[in-house]
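K.L.:
The structure follows.
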Amino acid sequence: MNNSLSGNNTICAAACGGTEKFMREIQDINILAIESSCDETAAAVVHNGRGVLSNVISSQIDLHKLYGGVVPEIASRKHIEKINQVIEEALKEAEVTLDDIDAIGVTYGPGLVGALLVGVAEAKAIAYARKLPLIGVHHIEGHISANYIEHPELEPPFLCLVVSGGHTHLVHVAEYGKYEILGRTRDDAAGEAYDKVARAIGLGYPGGPKIDRLAKEGDPDAIAFPKAHIGDSPYDFSFSGVKSSVLNYINGCQMKGETYNPADIAASFQKAVVDVLVENAMRACEEFGAYKFAIAGGVASNSALRDGMKRACDERNIPFYYPSPIYCTDNAAMIGAAAYYEYLAGTRHGWDLNAVPNLKLGER
């Protein structure tokens, strides 16, 4: 499969060691970043792409727990209520004012359209009022860029597995801002499967962290749940089958009047998911000769996934990178990191920037 998605910009020569004059001009860049793609209202100030001066997140998880998942309309309303407060707090925490900001970065897709619109409208208003460059950032690019924050030695090229509630992508990061998607889920994202299985065994929302904790008490080999492999696309994923298998197992036990162990189900389900993620990722590393590998996204904080990837990378002498949990879930610091490299590449958006809920990685 050939999904080369390079966008419409090229990293400027100075970003890769160009003229001394240019580097002096861009060496101190503060980005005010805004993220509102789902149920976190976030703002951050990021210095030169890797220094986080502030990272403020207002989460709506407790509110959406009442409904068993994110309710888009409620999320949008809460973003409107919180966004000014969050930005003010981010500036205060960073000990800067808008006079110290050089550009505004904002997530404009993919995500919930109403939620995205709140962040985009806010970013456009600030950029217009302060005459600052406006930089729209792809949400997945932000997750990938989260790895730059704590790993100053990490630079492209490398492979990255992005695993979250809405996305499962295996990406070749060719250079800053240039990506090739090697594989993606054909149906449910891994995080989505976690949430649905968690609901089925009575854990509630959000499911990922709860299954991870419960799985530590269970036997991962107790139940042989299926591991899907796509024959014609060896790097693609499918998690609908393992999710359905878990639901069928529970229904079968209930129909027969048999008891089941939720911890064994959680551990066995998690093993099936993690094994496929690790196997596909390592197959890609071997085929493409990758010598650096990273994970990103909400599920990247899963302990079984981290342990499995680390073991596999250690066996192959591949350096393994992952963000701290705070940078795995949706946050604005990762958007600021991505926006910095887009800024160096000359990316600028106009006042017609709009929310794009189904934005593809690499599109502009």
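K.L.:
Suppose we filter 242, 276, 299 for residues that are part of a helix (DSSP H, G or I) and in contact with a His (Cβ under 8 Å, 6 or more places away or on another chain); which single one remains?
P.N.:
276
K.L.:
Ok, one more. In the stretch 283-318, what residues are without any contact (Cβ under 8 Å) to a residue 60 or more places away in the chain, farther than 28 Å from residue 217 by Cβ and surrounded by 15 or more Cβ atoms within 10 Å (Cβ to Cβ)?
P.N.:
The answer is 283, 318.
K.L.:
What's the number of the condition residue 214 fails, among (1) modelled with pLDDT of 95 or more; (2) crowded, with 18+ Cβ neighbours inside 10 Å; (3) assigned to a loop (DSSP other than H, G, I, E, B); (4) not β-branched (Val, Ile, Thr)?
P.N.:
(3)
K.L.:
Follow-up question, since we're still on this one. Is it the case that residue 83 is under 18 Å from residue 31 (Cα atoms) and in contact with a Leu (Cβ under 6 Å, 6 or more places away or on another chain)?
P.N.:
Considered against the rule, which asks whether it is under 18 Å from residue 31 (Cα atoms) and in contact with a Leu (Cβ under 6 Å, 6 or more places away or on another chain), residue 83 comes out as no.
K.L.:
Being assigned to a helix (DSSP H, G or I) and either modelled with pLDDT under 95 or on the phi > 0 side of the Ramachandran plot (or both) is the filter here; which residues of the stretch 82-112 pass it?
P.N.:
The initial filter retains those residues of the stretch 82-112 that are assigned to a helix (DSSP H, G or I), namely 82-94, 98-100.
The answer is 82, and nothing else.
K.L.:
Got a sec? Which of 314, 307 is over 24 Å from residue 188 (Cα atoms) and modelled with pLDDT of 95 or more? Reasoning before the result, please.
P.N.:
Working: 307 fails: over 24 Å from residue 188 (Cα atoms).
Exactly one of 314, 307 is over 24 Å from residue 188 (Cα atoms) and modelled with pLDDT of 95 or more, namely 314.
K.L.:
Give the residue that is farthest from the chain's Cα centre (by Cα), with candidates limited to residues of the stretch 310-364 that are assigned to a loop (DSSP other than H, G, I, E, B) and among the basic types (Lys, Arg).
P.N.:
Among those residues, the one meeting the criterion is 316.
K.L.:
How many of the residues in the stretch 282-296 are in a helix (DSSP H, G or I) and either under 15 Å from residue 239 (Cβ atoms) or in contact with a helix residue (DSSP H, G or I) (Cβ under 6 Å, 6 or more places away or on another chain) (or both)? Don't jump to the end; show me each part of the working.
P.N.:
First, pick out the residues of the stretch 282-296 that are in a helix (DSSP H, G or I): 282-288.
Filter once more, keeping what is either under 15 Å from residue 239 (Cβ atoms) or in contact with a helix residue (DSSP H, G or I) (Cβ under 6 Å, 6 or more places away or on another chain) (or both): 282.
Matching residues across the stretch 282-296 total 1.
K.L.:
Those residues that are at pLDDT 70 or above, hydrophobic (A, V, I, L, M, F, W, C) and not in a loop (DSSP other than H, G, I, E, B), I need them from the stretch 41-73; list them, please.
P.N.:
Passing the criteria: 42, 43, 44, 45, 46, 52, 53, 56, 57.
K.L.:
How many of the residues in the stretch 37-52 are buried (at least 21 other Cβ atoms within 10 Å of the Cβ), farther than 14 Å from residue 105 by Cβ and either acidic (Asp, Glu) or over 16 Å from the mean Cα position of the chain (by Cα) (or both)?
P.N.:
So the answer is 2.
K.L.:
I'm checking my understanding of the structure. Among residues of the stretch 168-201 that are among the β-branched types (Val, Ile, Thr) and touching a strand residue (DSSP E or B) at 6+ places or on another chain (Cβ under 7 Å), which one is farthest from residue 141 (Cα to Cα)? Let's see the steps before the verdict.
P.N.:
Filtering the stretch 168-201 down to residues among the β-branched types (Val, Ile, Thr) leaves 168, 171, 173, 181, 185, 197, 201.
Subsequent filtering for residues that are touching a strand residue (DSSP E or B) at 6+ places or on another chain (Cβ under 7 Å) retains 168, 171, 173, 181, 185.
Working: 168: 13, 171: 10, 173: 10, 181: 12, 185: 17 Å.
Ranking the candidates gives 185 first.
K.L.:
Considering 113, 120, 96, which residue is out of contact with any strand residue (DSSP E or B) (no Cβ under 9 Å at 6 or more places or on another chain) and over 30 Å from residue 278 (Cβ atoms)?
P.N.:
Unique residue meeting the criteria: 113.
K.L.:
With the requirement that a residue be free of Cβ contacts under 8 Å to residues at least 60 places away in the same chain and either assigned to a helix (DSSP H, G or I) or within 29 Å of residue 169 (Cα to Cα) (or both), what does the stretch 115-145 give you?
P.N.:
Passing the criteria: 121, 125, 127, 129, 130.
K.L.:
Sticking with this one: Exactly one of (1) more than 23 Å from residue 50 (Cβ to Cβ); (2) surrounded by 24 or more Cβ atoms within 10 Å (Cβ to Cβ); (3) modelled with pLDDT of 95 or more is unmet by residue 194. Its number?
P.N.:
It is condition (3) that residue 194 fails.
K.L.:
Which residue is nearest to residue 333 (Cα to Cα), if the candidates are limited to the stretch 146-171 and must be in contact with a Leu (Cβ under 6 Å, 6 or more places away or on another chain) and in a strand (DSSP E or B)?
P.N.:
Among those that are in contact with a Leu (Cβ under 6 Å, 6 or more places away or on another chain) and in a strand (DSSP E or B), it is 161.
K.L.:
Tell me whether the stretch 28-40 contains one or more residues that are at pLDDT below 95, in a strand (DSSP E or B) and not basic (Lys, Arg).
P.N.:
Taking every residue of the stretch 28-40 in turn, at least one turns out to be at pLDDT below 95, in a strand (DSSP E or B) and not basic (Lys, Arg).
The values are calculated or read from the model by the stated rules, or taken from the named source; none is laboratory data. Because the structure is predicted, anything quoted here is derived from the model rather than measured. Because the Cβ atoms are built from the backbone with ideal geometry, glycine has one as well, and the counts that use them run over all protein chains shown.
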